[in-house]
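One structure is given below, encoded as structure tokens.
The values are calculated or read from the model by the stated rules, or taken from the named source; none is laboratory data. Just so it is clear, the structure is predicted and the values come from calculations on it, not from any experiment. For neighbour counting, all protein chains shown are included, and Cβ atoms are generated from backbone atoms with ideal geometry for every residue, glycine included.
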Amino acid sequence: MQRFSALSLFRQGLSGHRGWRAQWRSPEPKAAYDALIIGAGGHGLGTAYYLAREHGMRNIAVLDRGWLGGGNTGRNTTIIRSNYLFDESAALYDHAVKLWEGLSQTLNYNVMFSPRGVLMLAHTVHDVQVFQRHIHANRLNGVDNEWLSAEEAKAYCPPIEIGRHLRYPVIGAALQRRGGTARHDAVAWGFARAADAMGVDIIENCAVTAIHRDAAGAVTGVETTRGTIRAPKVGVVAAGHTSVVMAMAGLRMPLESYPLQALVSEPVKPVFPCVVMSNTIHAYISQSDKGELVIGAGTDAYTSYSQRGGLHISSHTLEAICELFPMFRRMRMLRNWGGIVDVTPDRSPIIAKTSVPGLYVNSGWGTGGFKATPGSAHVFAWTMAKDEPHRINAPFTIERFRDGLLIDEAAAAAVAH
Ligand SMILES: Cc1cc2nc3c(=O)[nH]c(=O)nc-3n(C[C@H](O)[C@H](O)[C@H](O)COP(=O)(O)OP(=O)(O)OC[C@H]3O[C@@H](n4cnc5c(N)ncnc54)[C@H](O)[C@@H]3O)c2cc1C
């Protein structure tokens, strides 16, 4: 791998930057691998990276029907936090935050992780009670989260209005200082480059159309638009289309798929220092390093595979943002887009072995899986390599929807992020 450093940048500058190599190869698929990952988003590429680095599995490939990072990884609003309520979730999401903190150094790729703080506004007594319950639960799990008065919240994020005249007065806020954002594309590119350097084949424009099984039911490989590929292990990391891919192996997933939208404004100078979310008004906002206000909307009310979403959902979100931040009323929106999110009944993911030997699934991240990318990939790689779950993902089974051991984070996902 061509390493990035100040010195390499200087050296390349001397030769007019003509010496940079492609960051990953575009190999032809081989006839067989030791393992296949379906889906070259952050979770899939990360899984391949950890399989190669920590489990020595280098004869592996990641297949994507489009371009790498073109799914939800490249479509999300990049919010990272770990202030979830239940012990299982706190362990999973904080595992990810700890990996985020060193990811740029680990990958030798600047993923622009920015722990600028995530502030959740309380507008009602109910909000106060819910957030304080989260704060206590988080602290018991060693996850940072603290309560701020309205004045302290304004001091942390000056654009917040805290007057009593407001329609939704801010009466306090929960702050996770270690939360923040990262550059989503860079996460996919960084994992891809590092995995490729260890010999992982990343094969784009290669849609999986069938999953092959032997007479005993075990996975033997996949059929793709670029031919048959054999492998004894297949990991499905195809957010938005998990149900479609898993149906190829005869499995019905407890998932519903919805379009989720986001939008950005025209770029302006730095005006917004952190991430702010309001569950009650249903809006969240941050500012990218390019200067755009990054705004997340909600899911459509109906299931669909169209990567667009209804206009009224975006309009509602902008009404909420203007209600919270009147100073943004005259901003113009630059563009909006959608992605398909797979939602489980308890709003927690599935990271597990399946009833089909050799078939593993990592899905159901709903509106909030970007924040988990390195942690999810790390424990999923463990699960695929050892054919048993890591202790962190052990509770995130498919069977919990049959057995009732739900991890109900619906409140944590009240705003889609
Ligand atoms: C608008 C929006 C905003 C969001 N905001 C946030 C946020 O602020 N914070 C947060 O934590 N999360 C957020 N999320 C959720 C987050 O983006 C996802 O949970 C996460 O990125 C999923 O990553 P992934 O790698 O699993 O999936 P993806 O990046 O979607 O990758 C899956 C890949 O599978 C491929 N695939 C599908 N079917 C096939 C097939 N048959 N053959 C081959 N390949 C296939 C797709 O092409 C795709 O590239 C948001 C999502 C959206 C849509």
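Quick one: in region 162-184, of everything that is surrounded by fewer than 17 Cβ atoms within 10 Å (Cβ to Cβ) and of a type in the set (D, E, K, R), which residue is farthest from ALA320 (Cα to Cα)? Top of the filtered list is ARG177.
If PRO259 satisfies all but one of (1) buried (at least 22 other Cβ atoms within 10 Å of the Cβ); (2) out of contact with any Lys or Arg (no Cβ under 9 Å at 6 or more places or on another chain); (3) not in a loop (DSSP other than H, G, I, E, B), what's the number of the condition it fails? Unmet for PRO259, out of (1) buried (at least 22 other Cβ atoms within 10 Å of the Cβ); (2) out of contact with any Lys or Arg (no Cβ under 9 Å at 6 or more places or on another chain); (3) not in a loop (DSSP other than H, G, I, E, B): (2). If the condition is being over 17 Å from the mean Cα position of the chain (by Cα), surrounded by 21 or more Cβ atoms within 10 Å (Cβ to Cβ) and assigned to a loop (DSSP other than H, G, I, E, B), then region 231-241 contributes ALA231, LYS233. Criterion applied to LEU318, LEU311, LEU293 was being of a type outside the set (Val, Ile, Thr) and in contact with a Ser or Thr (Cβ under 8 Å, 6 or more places away or on another chain), and the one residue passing it is LEU293. Among the residues of region 71-99, those that are farther than 19 Å from GLY296 by Cβ and surrounded by fewer than 24 Cβ atoms within 10 Å (Cβ to Cβ) comprise LEU85, PHE86, ASP87, GLU88, ALA90, ALA91, ASP94, HIS95, LYS98, LEU99. Assess whether ASN336 counts as being in contact with an Asp or Glu (Cβ under 8 Å, 6 or more places away or on another chain) and either farther than 28 Å from GLY69 by Cβ or within 13 Å of the ligand (Cβ to nearest atom) (or both). Spelling it out, it is not the case that ASN336 is in contact with an Asp or Glu (Cβ under 8 Å, 6 or more places away or on another chain) and either farther than 28 Å from GLY69 by Cβ or within 13 Å of the ligand (Cβ to nearest atom) (or both). Only strands (runs of 3 or more DSSP E) whose full extent lies in region 117-217 are considered here, and none of them has at least 3 residues that are modelled with pLDDT under 95 and closer than 30 Å to PHE86 by Cα. Quick one: in region 242-252, which of the residues that are surrounded by 22 or more Cβ atoms within 10 Å (Cβ to Cβ) and not hydroxyl-bearing (Ser, Thr, Tyr) is farthest from the ligand (Cβ to nearest atom)? Top of the filtered list is MET246. Would it be correct to say that THR224 is within 11 Å of the ligand (Cβ to nearest atom) and touching a Pro at 6+ places or on another chain (Cβ under 9 Å)? The answer is yes for THR224. Restricting attention to region 164-212 and to residues that are of a type in the set (Gly, Ala, Ser), near the ligand (Cβ under 10 Å from one of its atoms) and more than 19 Å from the chain's Cα centre (by Cα), the residue that is nearest to ASN138 (Cα to Cα) turns out to be ALA207. Filtering GLU388, GLU323 for residues that are more than 11 Å from the ligand (Cβ to nearest atom) and not in a loop (DSSP other than H, G, I, E, B) leaves a single hit, GLU323.
Condition check ((1) out of contact with any Pro (no Cβ under 8 Å at 6 or more places or on another chain); (2) under 19 Å from LEU255 (Cα atoms); (3) away from the ligand (no atom under 11 Å from the Cβ)) across all residues:
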| site | (1), (2), (3) |
| --- | --- |
| MET327 | no, no, yes |
| VAL343 | yes, yes, no |
| SER348 | yes, yes, yes |
| ALA352 | no, yes, yes |
| SER355 | yes, yes, yes |
| GLY358 | no, no, yes |
| ASN362 | no, yes, no |
| GLY368 | yes, yes, no |
| LYS371 | yes, no, no |
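Considered as a group, the residues in region 68-112 that are β-branched (Val, Ile, Thr) and closer than 15 Å to ALA186 by Cα include one that is farthest from the ligand (Cβ to nearest atom), and that residue is THR106.
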